[in-house]
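Okay, so here's the structure we're looking at.
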Amino acid sequence: LSRRRLLRADGTRAHFSSVMAITYASNALSMTIPFAGAQLAVVFSYRQFRLRGLSEAITSWALAVSAILSTSALALVLVAGSLLGGASLATAIGFAGAALLLLPAVAVLLALRDQRVRRWLSVALARLITVSRRLLRRPPGKAADALEEILDRVASIRMSWLRYAEVFGLALLNWVGDCACLACAIHAAGQPVPWGGLLLAYAAGAAAGSTGLTPGGFGLVEATLTAALVAVGMNSSGALTSVLAYRLVNFWMILIGGWTTMIVLTRFRSRTATSPGSPAAPQ
């Protein structure tokens, strides 16, 4: 829903079914490939939205802002969990982690507003593309002019603060809903939910999963989240059972559904590239 609102900022038609299918498929791609999974997921999403007729500017802008607001929402969850945890050390770590998550996002947003920074960024990216073309023995292109034009168009997209707040609220709801899934898994395992430390434990698991060291944080999330739940009062066997039940929904179901969606999207790619914002064929 948050991506759909961003993609429609310039009046472009973006149907819910299409955005949902692409998001599920890109999440599966991100979860499967270590290190570069997140980057490949962005490339996949970009190509799929472009195939549906969305412009380069709105697609790039929407994906970037979506990532920024999602990261900011996770930072807020981290701060809230630290404050609810009560420990001074946990609070300090939470605020430090939130700052590390937010600083790059704020820097990107401010950079896009400054014409000189945009020009410098376009030149730097153009040189990188030129070097890549030489290594791949491709003919040179007018990368600098094209990139500067795209960045100018991206910077010209405007959205009201109320709509930004709505998109941020949806991103926050996404993280809170995932945390609620963890709470339901703990309850289903017959364990008392440690409400006081639940957010902090959840944020620790989410941070471990975002490192990209293993596919979807496989192994890292389970170990980190189990240790965090034990630290907030759960017994080890109950914590592990709860985490495995949570990851069945949070990881494996999304992985299976996402790859199924990706196969259908790529199979019917030619049919879904007919009009701007046209819904994906499987939906």
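The values are calculated or read from the model by the stated rules, or taken from the named source; none is laboratory data. Computed from a prediction, not measured in an experiment: that's the story for all the values here. Counting neighbours? That spans all protein chains shown, and the Cβs are built from the backbone with ideal geometry, glycine included. Only protein heavy atoms, including side chains, enter the accessible area calculation; ligands, DNA and RNA are left aside. Shrake-Rupley method; radii C 1.70, N 1.55, O 1.52, S 1.80 Å.
A few comments on the model shown:
- Residue, surrounded by the most Cβ atoms within 10 Å (Cβ to Cβ), within the range 174-190, restricted to residues that are farther than 26 Å from L1 by Cβ and aliphatic (A, V, I, L, M): I186
- Among the residues of the range 229-257, those identified as hydroxyl-bearing (S, T, Y), within 10 Å of Q191 (Cβ to Cβ) and surrounded by 13 or more Cβ atoms within 10 Å (Cβ to Cβ) are T241, S242.
- On the stretch given as the range 191-228, residues that are open to solvent by less than 60 Å² (accessible area, probe 1.4 Å) and not in a helix (DSSP H, G or I) total 6.
- Scope the range 9-47; condition open to solvent by less than 60 Å² (accessible area, probe 1.4 Å), of a type in the set (S, T, N, Q) and within 15 Å of A67 (Cα to Cα); matching residues: T23, S26, S30, S45
- Meets criteria (more than 30 Å from L7 (Cα to Cα) and at pLDDT below 90) for T214: yes
- Being outside any helix (DSSP H, G or I) and open to solvent by less than 60 Å² (accessible area, probe 1.4 Å) is not true of M262.
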